[in-house]
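Here the structure comes first, spelled out in structure tokens, and everything after it is commentary.
The values are calculated or read from the model by the stated rules, or taken from the named source; none is laboratory data. Because the structure is a prediction, the values reported are computed rather than measured. No Cβ is skipped: glycine too gets one built from the backbone with ideal geometry, and neighbour counts run over all protein chains shown. Accessible surface is based on the protein model in full, side chains and every heavy atom, while ligands, DNA and RNA are left aside. Shrake-Rupley method; radii C 1.70, N 1.55, O 1.52, S 1.80 Å.
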Amino acid sequence: MVNGVLFWTFVLTNLFVFAVGSALTYLSYAAYQRVGQRSFRYAILGFGTVTVGSLTELVYELLIKRSNELDMTELLVLRTGESALIGLGLVFLFYSLVSPDRS
């Protein structure tokens, strides 16, 4: 059984990342609606993908399969998918910063 304090720390930190990521995604969307620059669309994709990527482990472990039931292969696939989504989101964010904006 997982330690209760560690479990709730895991849940609360993931919910914090979700709240911050959602706020940044919304702010990027509002900026895109106001200004209309294409770079904000990539920022929306970037923040949204990072947020979804950070939640994959929480959703899988809480709703699909308990963490103490995961074997090493499932854990490796889960963490690889999470890292791939976060990396893709960072690529979108990088592109939003360096792309020439032609609206």
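With the checklist (1) hydroxyl-bearing (Ser, Thr, Tyr); (2) open to solvent by 70 Å² or more (accessible area, probe 1.4 Å); (3) closer than 24 Å to Phe94 by Cα in hand, flag the one item Ser39 doesn't pass.
(2)
Can you tell me which residue among Leu45, Leu6 is of a type in the set (A, V, I, L, M, F, W, C), more than 23 Å from Val98 (Cβ to Cβ) and either touching a helix residue (DSSP H, G or I) at 6+ places or on another chain (Cβ under 7 Å) or at pLDDT below 90 (or both)? First the steps, then the outcome.
Values: Leu45 fails: more than 23 Å from Val98 (Cβ to Cβ).
Being of a type in the set (A, V, I, L, M, F, W, C), more than 23 Å from Val98 (Cβ to Cβ) and either touching a helix residue (DSSP H, G or I) at 6+ places or on another chain (Cβ under 7 Å) or at pLDDT below 90 (or both) holds for just one of Leu45, Leu6, which is Leu6.
Which pairs have Cβ atoms under 9 Å, sit 6 or more apart or on different chains, and link a residue in region 1-25 that is at negative phi to one that is of a type in the set (D, E, K, R) and surrounded by 13 or more Cβ atoms within 10 Å (Cβ to Cβ)?
Close Cβ pairs (under 9 Å, with a partner that is of a type in the set (D, E, K, R) and surrounded by 13 or more Cβ atoms within 10 Å (Cβ to Cβ)) amount to Phe10/Glu57; Phe10/Glu61; Asn14/Glu57.
Go through Leu70, Leu78 for me and flag whichever is at pLDDT below 90 and in contact with a Ser or Thr (Cβ under 9 Å, 6 or more places away or on another chain).
Leu78
Could you tell me how many of the residues in region 1-28 are assigned to a helix (DSSP H, G or I), surrounded by 12 or more Cβ atoms within 10 Å (Cβ to Cβ) and among the β-branched types (Val, Ile, Thr)?
Looking only at region 1-28, we keep the residues that are assigned to a helix (DSSP H, G or I), and these are 4-28.
Next, only the ones that are surrounded by 12 or more Cβ atoms within 10 Å (Cβ to Cβ) stay: 7, 10-11, 13-15, 17-18, 20-28.
Restricting the remaining residues to those that are among the β-branched types (Val, Ile, Thr) gives 11, 13, 17, 20, 25.
Summing the residues that are assigned to a helix (DSSP H, G or I), surrounded by 12 or more Cβ atoms within 10 Å (Cβ to Cβ) and among the β-branched types (Val, Ile, Thr) in region 1-28 gives 5.
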